[in-house]
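Engineer: Have a look at this one.
None of the figures in this text is laboratory data; all of them are computed from the coordinates on show. In this text, all values refer to a predicted model and were calculated from it rather than measured experimentally. Don't worry about glycine lacking a Cβ; one is built from the backbone with ideal geometry, like all the others, and counts go over all protein chains shown.
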Amino acid sequence: MGFLLVAVCSTVTLLLALLLLPWRPARVKLCNLYGKFVGRAILWLAGASPVVHDRQRINEYRPAIYVSNHCSTLDAFVAIWICPIGGCGVAKKEILRIPFFGWLYWLSGHLVIDRGDRSSAIAALKDTADFVKQNGLSIWIWPEGTRSQDGRLQPLKKGFAHLALATGLPIVPVVVHRAHENWAKHQFTFQPMQLQIDILPAIPTAHWHVEAIDEHINEIHKAFADQLGDSQKPLPAPAS
């Protein structure tokens, strides 16, 4: 049912996106509207009943860089549902392999990065920073870079921090709790659950400096670690 829903909605939206081909911001916003319906519908089909705490912060702080932890395929549908209109997504190129959903993402105006080509990824992030600044848009990104195998928070990559440095936008952490218990990585079994989602206060970045980028990343990582339950907190580093 979920695949059929995505196939039909993606095909219709693809046709509309073709009409908007010269206007990338319009394509981004069109696909945000698509996500409002499809994201919520997939959550329902997966048996995940979302409870979003402080959702008003999504619109209160925009434009912003929304960062979320990543441990389940479900996270993608949480993102497209919660992401505000005018939010530009950042995803790895593997998303293009997904029938219908990936094809629409390719045409949407959202960003695809190749994690295996660092120089290309950096150039794409810079292009996105320029694009969102010029059009007053937001960004949604998973700073861990890939899904966690066990649900625990992983180290954060630097891409989101470079976007913050380039745009000066505040960072809004979106903490998704235990999504991997509903839809585990590489599996198609679903455990009905109440999905808790916390929207944390915005963290200003206008004062950030590239020389202190590791400290800034640690600040965001700590915000997630403090909010997550014990089963998702990062494990202590092994003693040397």
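Engineer: Looking for whichever is surrounded by fewer than 23 Cβ atoms within 10 Å (Cβ to Cβ), in a helix (DSSP H, G or I) and in contact with a strand residue (DSSP E or B) (Cβ under 7 Å, 6 or more places away or on another chain) here; the options are 43, 30, 5. Which one fits?
Structural biologist: That would be 43, the only listed residue that is surrounded by fewer than 23 Cβ atoms within 10 Å (Cβ to Cβ), in a helix (DSSP H, G or I) and in contact with a strand residue (DSSP E or B) (Cβ under 7 Å, 6 or more places away or on another chain).
Engineer: Hey, another quick one. Within region 67-116, can you find the residues that are buried (at least 18 other Cβ atoms within 10 Å of the Cβ) and on the phi > 0 side of the Ramachandran plot?
Structural biologist: 100, 109
Engineer: Going through region 191-240 one residue at a time, which ones are closer than 15 Å to residue 144 by Cβ and hydrophobic (A, V, I, L, M, F, W, C)?
Structural biologist: The answer is 217, 220, 223, 224, 225, 228, 235.
Engineer: Another question about this same structure. Could you tell me whether region 131-144 includes any residue that is in contact with a Leu (Cβ under 8 Å, 6 or more places away or on another chain) and more than 19 Å from residue 69 (Cβ to Cβ)? Steps first, please.
Structural biologist: We begin by selecting, within region 131-144, every residue in contact with a Leu (Cβ under 8 Å, 6 or more places away or on another chain); these are 131-132, 138-139, 141, 143-144.
Add one more test, that the residue is more than 19 Å from residue 69 (Cβ to Cβ), and what stays is 131-132.
Checked against the condition, which is being in contact with a Leu (Cβ under 8 Å, 6 or more places away or on another chain) and more than 19 Å from residue 69 (Cβ to Cβ), region 131-144 yields at least one hit.
Rundown of residues vs (1) touching a residue at least 60 places away in the same chain (Cβ under 8 Å); (2) part of a loop (DSSP other than H, G, I, E, B); (3) closer than 21 Å to residue 84 by Cα; (4) aliphatic (A, V, I, L, M), yes/no style:
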| site | (1), (2), (3), (4) |
| --- | --- |
| 125 | no, no, yes, yes |
| 130 | no, no, yes, no |
| 133 | no, no, yes, no |
| 140 | yes, no, yes, no |
| 154 | yes, yes, no, no |
| 160 | yes, no, yes, no |
| 163 | yes, no, yes, yes |
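Engineer: Also: So residue 131 fits all but one of (1) among the aromatic types (Phe, Trp, Tyr); (2) closer than 16 Å to residue 208 by Cβ; (3) more than 15 Å from the chain's Cα centre (by Cα); what number is the exception?
Structural biologist: Single failed check for residue 131: (2).
Engineer: Still on this structure, please answer the following. For region 89-100, check the following and say yes or no: at least one residue is in a loop (DSSP other than H, G, I, E, B), over 21 Å from residue 34 (Cα atoms), of a type outside the set (A, V, I, L, M) and touching a residue at least 24 places away in the same chain (Cβ under 8 Å). Steps first, please.
Structural biologist: We begin by selecting, within region 89-100, every residue in a loop (DSSP other than H, G, I, E, B); these are 98-100.
Within this subset, residues satisfying the condition of being over 21 Å from residue 34 (Cα atoms) are none.
No, because not a single residue in region 89-100 is in a loop (DSSP other than H, G, I, E, B), over 21 Å from residue 34 (Cα atoms), of a type outside the set (A, V, I, L, M) and touching a residue at least 24 places away in the same chain (Cβ under 8 Å).
Engineer: Counting only residues that are part of a helix (DSSP H, G or I), free of Cβ contacts under 8 Å to residues at least 60 places away in the same chain and aliphatic (A, V, I, L, M), how many does region 165-213 have?
Structural biologist: Qualifying residue count for the region: 5.
Engineer: Of the residues 125, 137, 169, only one is surrounded by fewer than 22 Cβ atoms within 10 Å (Cβ to Cβ) and more than 18 Å from residue 198 (Cα to Cα); which? Spell out the reasoning first.
Structural biologist: Numbers: 137 fails: surrounded by fewer than 22 Cβ atoms within 10 Å (Cβ to Cβ); 169 fails: surrounded by fewer than 22 Cβ atoms within 10 Å (Cβ to Cβ).
Just one listed residue meets the conditions, 125.
Engineer: Does residue 146 satisfy being touching a residue at least 60 places away in the same chain (Cβ under 8 Å), touching a strand residue (DSSP E or B) at 6+ places or on another chain (Cβ under 6 Å) and under 27 Å from residue 228 (Cβ atoms)?
Structural biologist: Numbers: touching a residue at least 60 places away in the same chain (Cβ under 8 Å): yes; touching a strand residue (DSSP E or B) at 6+ places or on another chain (Cβ under 6 Å): no; under 27 Å from residue 228 (Cβ atoms): yes.
Considered against the rule, which asks whether it is touching a residue at least 60 places away in the same chain (Cβ under 8 Å), touching a strand residue (DSSP E or B) at 6+ places or on another chain (Cβ under 6 Å) and under 27 Å from residue 228 (Cβ atoms), residue 146 comes out as no.
Engineer: In addition: Can you tell me how many residues within region 46-65 are of a type in the set (A, V, I, L, M) and without any contact (Cβ under 8 Å) to a residue 60 or more places away in the chain?
Structural biologist: Matching residues across region 46-65 total 0.
Engineer: Pairs under 6 Å by beta carbon, first residue touching a residue at least 60 places away in the same chain (Cβ under 8 Å) in region 66-79, partner assigned to a helix (DSSP H, G or I), six or more apart or different chains?
Structural biologist: Every condition considered, the pairs that remain are 67/160; 69/224; 71/179; 71/180; 72/179; 72/180; 74/179; 75/179.
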